[in-house]
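**Student:** Structure in structure tokens, see below.
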Amino acid sequence: MQSLSSNANVLKWINEIVLLTKPEKVMWIDGSEEQLNQLRQEGCKTGEMVALNKEEYPGCYYHRSQKDDVARLENKTLICTINEENAGPTNNWKSPEEAYKLGRSIFENSMNNRTMYIIPYSMGPVGSPFSKIGLEVTDSIYVVLSMNIMTRVGKSVLDALGDSNDFVRGLHGKCTLDINERYIFHFPEDNTIWSCNSAYGGNVLLGKKCFALRIASYQGWKEGWMAEHMLILGIENPKGEINYIAAAFPSACGKTNLAMLIPPEIYKKKGYKVWTVGDDIAWLKVKEDGRLWAINPEAGFFGVAPGTSEKSNYNALMATKKDSIFTNVVYNLDDETVWWEKMDNNPPENALDWHGNPWNGKTSKEKGAHPNSRFTAPAKNCPCISKQWESPEGVPISAIIFGGRRAKTAPLVYQSRSWQHGVFVGSTLASETTAAAAGKVGVVRRDPMAMIPFCGYNMGDYFGHWLEMGEKISNPPKIFHVNWFRTNSEGKFIWPGYGDNFRVLEWIINRYENKVEADLSQIGYIPRKEDINIEGLNITDAVLTDLLTIDIESWLADVQNIEKFYKKIGATLPNELSKELDILKLNLNNSIGTSIK
Ligand code: OXD
Ligand code: MN
């Protein structure tokens, strides 16, 4: 096939990869439906995918990955910078020389007898000033079709690139799928990603975590913008005014659910609406108006299937009903549909489980879908997708939220005193393991800005970049922390969560608009009880008090954990953050023996 590009930088790089991997055939992905259909048919012929019921799931496919290849592999995810300090203490490092050598030995001749697909893709709407271009070379049809859902793919991207050398070079090969030789190498200094021996989305859809977070966070540091692990949503009030919020949560804390939240009936009746801009990644820039603006660089959702139901996330479920790909879920042999745990109470009886073995959902004791089974669904299918989601200008951000799972420490919501304090709050973000026994606090994992697995450079420098950005934003978003997961002495959640989280978002927007006062506590501003609307909820005054209480002893214990984490960051930790930690300690020590609220 003829080359789709005449860009000398592109052709030189493709030539190198062809010489290394020696494919039987090379195919440029032009983004046409005709070509994509041909690949869909071929994927079904080889068994890589199965077409689903055309009435119930038009344009949808079912796919399975190897049993040991069902999640991101953090210990095989490497940041390969010339100096180890640039990868920092929270990343796995390898020198570029060694990494390229190892990568070459794995990729050599790996595409013999295979077709190599070249996917030109744009992160962000093609031509937007926020957007960046990547090329992914792969030997997997699943990757081509999924990238076509998750990003903007095809000839128009190469046209936008022109002769420029500013593109991310991504190489993916299934190789032999050997877990021992599975690596995801990132070379931020070379705009390059090499991923081998995996077929799991998080490792192989290179536009997502690899480019839009790890490489882009590094680019943002160098170029003065930010790539963050954040959803973006818009809240429309009855007057039709929309405020946008960006929110970072560690993986598995309900980000997709929050991004697509349906407000409680009492709000819907008044005319409030929530609009989804993105569910996982935000690219943020300061504009002339002094505000922070954001785009969602992706074009689809790569969501966790189990637990997604009409009740928990109607909008996500609807997004999967056409042109989607399902991986490692249950395949219903009777009607060629898919199923997963907690989709509904009616599992199929004649089905294949995620291993591909016969499975009867009514009698089996085993789970049918893998807990990390996924759907890849076009964002435009989502019933609550924002009208602005593809705006090349992005949306202005009024508030940034950090959130984690904390049984006792963090109150339902609090607001930072300033941008700098907000950076401190983000840098100390943590989540607890969910398997904690009743009444016991889980194991705390610090996950600053929810970026621990995704920051492509030194975490201390990343904190420094956040502080520097604050100086450039004259009209910054306000920064908040939320915790939907507070429990009582029996280990039961005391906040209803899901759609009712809207009540907390309302307080956040009210604070942004200076409509409500708040009390300054040891940790920041906390709401006055009367300002959290609990109308229609089965929540007593005592429970609301509990939700907003700051337990000094658990905070002091947390401070010790933060100190340990900051020690690990070491010399690159900005002084401003050590000072914020000192202020917190002082505030807490001054109130030992009390519990405020
Ligand atoms: C994801 C993750 O898949 O954060 O979005 O792991
Ligand atoms: Mn994520």
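**Student:** Give the percent of DSSP beta bridges with both residues in the range 107-254 that are antiparallel, rounded to the nearest 5.
**Tutor:** Numbers: 21 of 31 bridges.
Antiparallel: roughly 70 percent of the beta bridges in the range 107-254.
**Student:** Just the number please: accessible area per residue for the chain, 1.4 Å probe, all protein chains included, in Å².
**Tutor:** 39 Å²
**Student:** Give the Kirkwood hydrodynamic radius (Å, one decimal) of the range 477-597, defined as one over the mean of 1/r across all pairs of different Cα atoms.
**Tutor:** Working: mean 1/r = 0.0613 Å⁻¹.
Result for the range 477-597 stands at 16.3 Å.
**Student:** Hey, could you pull the Cα Rg and Dmax for the range 309-444, both in Å?
**Tutor:** Here Rg and the maximum Cα pair distance are 20.2, 58 Å.
**Student:** So between residue 41 and residue 591, what do we pick up on full extension, going 0.36 nm a residue minus the alpha carbon distance? It would help to have the intermediate numbers written out before the result.
**Tutor:** Details: separation 550, 0.36 × 550 = 198.00 nm, distance 6.74 nm.
In short, 191.3 nm is gained.
**Student:** Starting from the Cα of residue 15, step 7 Å along the direction of its Cβ; do the same at residue 177; then give the gap between the two resulting points in nm.
**Tutor:** It works out to 3.5 nm between the two label points.
**Student:** Between residue 67 and residue 530, take the C-beta separation as r, use R0 = 56 Å, and let me know the FRET efficiency to the nearest 0.05.
**Tutor:** 0.55
**Student:** Round to a whole angstrom and tell me the spacing of the C-alpha centers of the range 334-357 and the range 530-597.
**Tutor:** Using only Cα atoms to place each centre, the spacing works out to 44 Å.
**Student:** Want the number for residue 56 to residue 443: 0.36 nm per residue separation, take away the alpha-carbon distance, what's left? Show your work: numbers first, answer last.
**Tutor:** Numbers: separation 387, 0.36 × 387 = 139.32 nm, distance 4.24 nm.
Stretched out fully, the residue 56 to residue 443 stretch lengthens by 135.1 nm.
**Student:** While we're on this one: With both partners inside the chain, how many of the DSSP beta bridges are antiparallel, as a percent to the nearest 5? Spell out each step's value before the answer.
**Tutor:** Working: 65 of 98 bridges.
Roughly 65 percent of the DSSP beta bridges within the chain come out antiparallel.
**Student:** Another question, if that's okay. Which value in nm describes the separation of the simple spin-label points at residue 288 and residue 160, placed 7 Å from the Cα toward the beta carbon?
**Tutor:** According to this spin-label approximation, the distance is 2.2 nm.
**Student:** Using Cα atoms only, what is the angle between the long axis of helix 310-319 and the major principal axis of the chain, expressed in degrees (0 to 90) to the nearest 10?
**Tutor:** 40 degrees
**Student:** Express in % the proportion of alpha carbon pairs of the range 43-177 at distances exceeding 25 Å. If you can, show how the numbers build up before the last one.
**Tutor:** On the way: 3970 of 9045 pairs.
Percent of Cα pairs beyond 25 Å in the range 43-177: 44.
**Student:** Ignoring ligands, DNA and RNA, what percent of the accessible area of the range 462-597 is carbon or sulfur (1.4 Å)?
**Tutor:** Details: 3130 of 6470 Å².
On the range 462-597, the fraction of accessible area on carbon and sulfur atoms equals 48 percent.
**Student:** Report the FRET efficiency, 1/(1 + (r/R0)^6), for residue 355 and residue 84, where r is their Cβ-Cβ distance and R0 is 45 Å, rounded to 0.05.
**Tutor:** Step by step, r from the Cβ atoms, then E = 0.65.
**Student:** With angles folded into 0 to 90 degrees, how steeply does helix 502-512 sit against the dominant principal axis of the chain? Use alpha carbons for both and round to 10.
**Tutor:** Helix 502-512 and the main axis of the chain meet at about 70 degrees.
**Student:** Let me ask another. What angle, in degrees between 0 and 90 and rounded to the nearest 10, separates the Cα long axis of helix 8-21 from the longest principal axis of the Cα atoms of the chain?
**Tutor:** 70 degrees
**Student:** Is it possible to state the helix-based mean residue ellipticity at 222 nm for the chain, with each DSSP H run of 4+ residues giving -39500 (n - 2.57), the sum divided by total residues, to the nearest 500 deg cm²/dmol? What is it?
**Tutor:** -8000 deg cm²/dmol
**Student:** Please report, to two decimal places, log10 I(q)/I(0) for the chain at q = 0.06, 0.09, 0.11 Å⁻¹ as given by the Debye formula with identical point scatterers on the Cα atoms and no solvent.
**Tutor:** -0.31, -0.71, -1.07
**Student:** Okay, next question. May I ask you to work out the translational diffusion coefficient for the range 366-413 at 4 °C, viscosity 1.567 mPa s, via Stokes-Einstein with Rh from the Kirkwood sum over Cα pairs, reported in whole µm²/s? Can you show the working numbers first?
**Tutor:** Working: Rh = 15.5 Å.
It diffuses with D of about 83 µm²/s by this estimate.
The values are calculated or read from the model by the stated rules, or taken from the named source; none is laboratory data. Worth saying up front: this structure is predicted, and the values here are computed from it rather than measured. Counting neighbours? That spans all protein chains shown, and the Cβs are built from the backbone with ideal geometry, glycine included. The protein model used for the area step is the full one, side chains on, heavy atoms only, and it has no ligands, DNA or RNA in it. Shrake-Rupley method; radii C 1.70, N 1.55, O 1.52, S 1.80 Å.
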